[in-house]
Amino acid sequence: TKTVQLTVSNGMCSEIISQNITIEETPVADFTHISTYCTTDSVNFENTGTLGTTGATYEWSFGSGATPANTTDENPVGIIYDSPGIKTVELITTLGSCTDTMVKTINITETPDPDFIHTAPQCEEALVDFSYTGTTGIDWNYLWDFGEGATPATSTQQNPGGVFYNGAGTKTVQLTVSNGMCSETVTHNFDINEKPIADFTHISTYCTTDSVNFENTGTLGTTGATYEWSFGSGATPANTTDENPVGIMYDSPGIKTVQLITTLGSCTDTMVKTINITETPDPDFTHNAPQCAGTSINFSYTGTTGNDWNYMWDFGQGANPAISTQQNPESVKYSGGDKSVLLTVTNAQCSESIEQTISIHPLPVADAGVDTTICANTSVQIGSDPVSGYDYQWWDPDNSLDDTSIANPTASPTASVTTYHLLVIDSNGCQNRDSVTVVMMNSAFVDAGSDVEICYGDTVQIGMGLIEWQSYEWTPEHGLSDPNIPNPIASPDSTTIYTVSVQYEQCDTITDDVKVLVHPLPDIEAAGPNGEDTVEIAQGNNTQLIATGGTQYEWDPVFSLNSAGIYNPIAYPETSTLYTVTGTDIYGCVNDDDVYVLVRIPGLYIPSAFTPNGDDRNDVFYVRSKGTKDFELNIVSRSGDLLYHSSNPYEGWDGTVQGTSEEVPSGAYVYHTKGEFSDGEKFNESGIINLIR
């Protein structure tokens with residue numbers, strides 16, 4: 001509502017009039033639209049003018065091809081255009097008696113309607129072509145996604161071809177067509193059928209007469225798969241539908257073409273390979289057997305041959321040589337018996353063997369007997385028992401056989417060594433030889449040796465040197481190193497006569513004696529001047545030593561003696577010394593004995609206390625003196641009573657009143673000792689000894 005005031009004035013007077021007028025609100029018509037602006041896509045319109053005002057109305061007109069063509073909605077949505085082009089959209093907004101109009105245009109672009117066809121289904125690895133059958137336009141774009149396992153995986157061609165699929169199964173192909181503004185996608189599914197794999201290996205020596213086994217290494221064990229094999233010329237069978245054919249035989253050599261066609265549904269695969277079939281040798285041979293053992297056997301090859309063929313002969317047990325690689329080997333030697341000869345012929349690829357048995361006459365047994373030794377001037381039978389049909393011929397170097405044409409003559413040789421030779425011939429004319437040597441021993445020889453004398457404990461060798469083939473036995477055995485050798489070591493403990501018996505085996509025995517006289521050892525004695533084993537002297541003094549029981553003497557050590565080779569040397573050692581004398585008697589027997597010289601160094605040692613408690617430790621009070629020739633010890637109590645007296649330096653006080661068992665109490669006691677050392681020096685000592693209980 002507006003108030004309008006009018007003032008009218010004539011220079012003097014004025015008048016004012018007021019009136020109210022109403023001004024209605026003018027609506028605003030305006031809008032925006034949201035869409036891809038493509039046919040078949042909905043367009044949404046948004047009112048951006050007067051909006052949400054009570055009493056406001058809206059009249060929309062969407063232009064040609066719109067569904068719906070009109071609406072009174074405040075914000076229309078889902079408007080679809082079925083044709084492309086410039087569309088005029090009008091909005092009239094009314095508020096009371098006032099209106100406002102907004103006209104705008106939008107460009108609706110045609111939406112592609114794609115579709116396509118293809119050459120599928122196909123087998124794996126076959127090429128699939130695609131043909132576009134949908135709507136088209138200028139500068140339209142095509143994007144193909146050929147799905148899993150496709151090569152190429154995508155394309156932008158309108159009609160792509162030659163798409164390769166790796167792997168069977170259902171494939172999903174998606175095509176998106178775009179014109180820069182609008183796009184649409186179509187999807188089709190089709191099948192790629194599994195393609196079988198035709199492949200194989202073959203196992204054989206690839207030789208005529210040998211079977212060839214084929215192993216299918218492609219599609220195998222798949223339901224519905226079939227196989228067509230063709231094995232090439234000369235094959236038996238020529239064809240088969242087996243999955244893994246075995247036992248195919250070729251009757252002629254050469255290059256054979258083998259083909260396998262594997263079918264799975266509508267898909268097939270073919271594999272062609274060649275194998276080279278080599279001719280198998282057909283060996284045979286002849287020989288010059290039978291022969292005697294040790295005679296040369298010759299072999300001649302009579303089978304099929306070829307370039308660079310190899311021949312391996314195994315001549316069997318006892319053959320020399322055992323094998324050969326010659327085509328026609330010769331000079332093969334055997335021991336007797338039936339022999340299996342195996343010939344294998346190979347041409348590097350194929351081989352064949354033939355085996356024949358030949359007979360070899362064994363050599364007659366020629367047994368001249370074992371070498372033997374006989375006693376002097378005796379006879380011995382040689383040879384062995386005769387064999388029927390054998391002819392025996394002996395060669396006797398000194399005409400000492402009783403018959404040279406029998407199997408076991410008697411030999412009476414005259415030489416020390418005689419060898420007899422035997423030739424034996426059997427009914428097949430085979431010969432064998434042997435020989436035997438007869439050794440005739442000389443007469444036995446014995447010598448026990450000369451009588452000998454030994455000292456007790458000594459040894460001596462008796463007897464003689466060894467003579468081969470003789471045996472020896474000594475009696476008695478006591479005191480001998482070995483009673484069965486020709487020259488044992490004898491060590492009897494008394495005089496003994498030993499007898500040796502000598503013989504050749506089975507020959508006469510002869511004997512001889514030897515006396516071994518055993519002298520006892522001398523009774524050697526070593527002593528001091530009074531016959532004592534230990535002599536005590538003061539340092540610086542000397543003493544005489546005396547040996548008895550021998551005729552000659554040798555003392556040791558010699559450095560402190562006036563003479564080492566007499567029976568009564570003077571000893572003057574500085575320290576205690578053990579002297580050994582070795583005495584020899586009239587038979588040269590030796591023995592020894594010892595005497596000990598104890599050297600005393602003059603001096604006294606007096607302890608300060610002792611403990612006579614019966615524990616065997618420090619129980620007696622000794623005045624330790626060395627080298628004394630006069631000695632005296634007295635023990636006195638503090639009251640002056642004499643408790644102990646001794647003139648023996650090896651005696652001591654045990655803590656009792658001498659001559660009684662009365663023990664004196666613990667305390668200090670007076671000792672007094674005096675005397676003279678062996679060197680003439682006198683001593684006189686007094687002091688206190690502490691008795692502790």
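So if we plug the beta-carbon distance of Lys515 and Thr551 into 1/(1 + (r/R0)^6) with R0 = 25 Å, what FRET efficiency do we get, rounded to 0.05? It comes to 0.50.
Straight-line cross-link reach from Lys87 at under 17 Å between alpha-carbon atoms covers these lysines, not counting any fewer than eight positions away in the same chain: Lys104. State whether region 480-632 is rounded, prolate or oblate according to the following rule on the C-alpha gyration tensor (a ≥ b ≥ c being the square roots of its eigenvalues): a/c under 1.5 gives rounded; otherwise a/b larger than b/c gives prolate, and the remaining case gives oblate. Prolate, because a/c is 1.5 or more and a/b exceeds b/c.
Classify region 303-396: rounded, prolate or oblate, from the alpha-carbon gyration tensor (a ≥ b ≥ c, eigenvalue square roots; a/c under 1.5 rounded; otherwise prolate if a/b is larger than b/c)?
Prolate, because a/c is 1.5 or more and a/b exceeds b/c.
Placing unit charges on the Cβ atoms of the charged side chains and taking the dipole of region 639-693 about its Cα centre, the candidate lying farthest along the positive direction among Ser666, Asn648, Asn684 is Ser666.
Taking 0.36 nm per residue of separation and subtracting the Cα-Cα distance, full extension of the segment from Thr496 to Asn320 would add 56.7 nm. The protection proxy used here, the mean number of other Cβ atoms lying within 10 Å of each residue, ranks peptides 544-553, 270-279, 639-648 as follows, highest first: 544-553, 270-279, 639-648.
For region 275-323, the share of accessible area belonging to carbon and sulfur comes to 41 percent (1.4 Å probe, ligands and nucleic acids excluded). Normalised by 2.2 N^0.38 Å, where N is the number of residues, the C-alpha radius of gyration of region 214-284 stands at 1.27. For Lys195, a cut-off of 16 angstrom between C-alpha atoms picks up these aspartates and glutamates, skipping any fewer than 8 places away in its own chain: Glu124, Glu125, Glu228, Asp269.
Summarising the amide proton neighbourhood of Asp512: residues at separation of 5 or more, or on other chains, whose placed amide H is nearer than 5 Å comprise Val500.
Among the protein heavy atoms of region 445-545, carbon and sulfur supply 43% of the accessible surface, probe 1.4 Å, non-protein parts ignored. Candidate cross-link partners of Lys682 among the aspartates and glutamates, defined by an alpha-carbon separation under 19 Å and a same-chain spacing of 8 or more, comprise Asp630, Glu632.
Each residue of region 223-232 was assigned a 3J(HN,Hα) from its phi angle through the Karplus curve 6.51 cos²θ - 1.76 cosθ + 1.60 (θ = phi - 60°); the sequence is 4, x, 6, 10, 9, 10, 9, 10, 9, x Hz, with glycine and proline shown as x. Under 5 Å between amide hydrogens, built in the peptide plane, is the criterion, and for Arg600 it picks out Ile537, Ala538, Gln539 among residues at least 5 positions away or on other chains. Normalised per residue, the accessible area of the chain is 54 Å², obtained with a 1.4 Å probe and no contribution from ligands, DNA or RNA.
Counting only protein heavy atoms and a 1.4 Å probe, tell me what percentage of region 595-693's accessible area is made up of carbon and sulfur.
After summing per-atom areas, the C and S share lands at 46 percent.
Reducing region 18-91 and region 627-693 to their Cα centroids gives an inter-centroid distance of 158 Å. Full extension of the chain between Ala153 and Thr534 yields a length gain of 124.5 nm, computed as 0.36 nm times the residue separation minus the alpha carbon distance. At a Förster radius of 56 Å, what calculated FRET efficiency corresponds to the Cβ-Cβ distance of Thr185 and Glu228, to the nearest 0.05? Taking R0 as 56 Å, the efficiency between Thr185 and Glu228 is 0.80.
Taking amide H atoms as placed 1.01 Å from N in the peptide plane, the amide H of His202 lies under 5 Å from those of Glu215, each 5 or more residues away in sequence or on another chain.
FRET efficiency for the pair Thr660 and Lys629, taken as 1/(1 + (r/R0)^6) with r the Cβ-Cβ distance and R0 = 25 Å, rounds to 0.20.
Where the centroid of each part is defined by its Cα atoms, how far is region 499-547 from region 434-470 in Å? The distance from the Cα centre of region 499-547 to that of region 434-470 comes to 30 Å.
Placing a label point 7 Å from the Cα of Ala238 along the Cα-to-Cβ direction, the residues of region 203-230 whose backbone N falls under 13 Å from that point are 230.
Site pair Thr136 and Asn107 shows an inter-label distance of 2.4 nm when each label is modelled 7 Å from Cα along Cα→Cβ.
Evaluated with a Cβ-only charge set (Lys, Arg +1; Asp, Glu -1), region 76-145 carries a dipole of roughly 560 debye about its Cα centre, given to the nearest 20.
Rounded to the nearest 20 debye, the dipole size of the chain about its Cα centre is 2240 debye, using +1 on the Cβ of Lys and Arg and -1 on the Cβ of Asp and Glu. Listed values for region 561-567 are Karplus-derived 3J(HN,Hα) couplings in whole Hz (6.51 cos²θ - 1.76 cosθ + 1.60, θ = phi - 60°), namely 10, 6, 7, 9, x, 10, 7, and x replaces Gly and Pro. The residue among Ile80, Thr53, Leu264 whose Cα reaches farthest toward the positive pole of the charge dipole of the chain, with charges on the beta-carbon of Lys, Arg, Asp and Glu, is Thr53.
Between Ser427 and Ser639, full extension at 0.36 nm per residue minus the direct alpha carbon distance yields a gain of 62.4 nm. Modelled spin labels at Val246 and Asn377, positioned 7 Å past Cα toward Cβ, are 9.0 nm from each other. Remark: spin-label model distance Thr22-Glu681 equals 17.1 nm, labels positioned 7 Å along the Cα→Cβ axis. Under a model in which nothing but the beta-carbon of Lys, Arg (+1) and Asp, Glu (-1) is charged, region 232-308 shows a dipole of about 80 debye around its Cα centre.
Peptide packing for 183-192, 498-507 was compared via the average number of neighbouring C-beta atoms within 10 Å per residue; ordered from the highest value, the list is 498-507, 183-192. In plain terms, the bigger the Kirkwood radius, the slower the diffusion; for the chain, with that radius from Cα pairs, at 25 °C and 0.890 mPa s, Stokes-Einstein puts D at 52 µm²/s. Thinking of region 93-225 as a set of Cα atoms, what percent of all their pairs are more than 22 Å apart? Tail fraction, whole percent: 59.
The values are calculated or read from the model by the stated rules, or taken from the named source; none is laboratory data. Quick caveat: nothing in here was measured; it's all calculated off a predicted structure. Note that we place each Cβ from the backbone using ideal geometry, even for glycine, and neighbour counts take in every protein chain shown. Areas reflect the complete protein model, heavy atoms only, side chains present, ligands, DNA and RNA absent. Shrake-Rupley method; radii C 1.70, N 1.55, O 1.52, S 1.80 Å.
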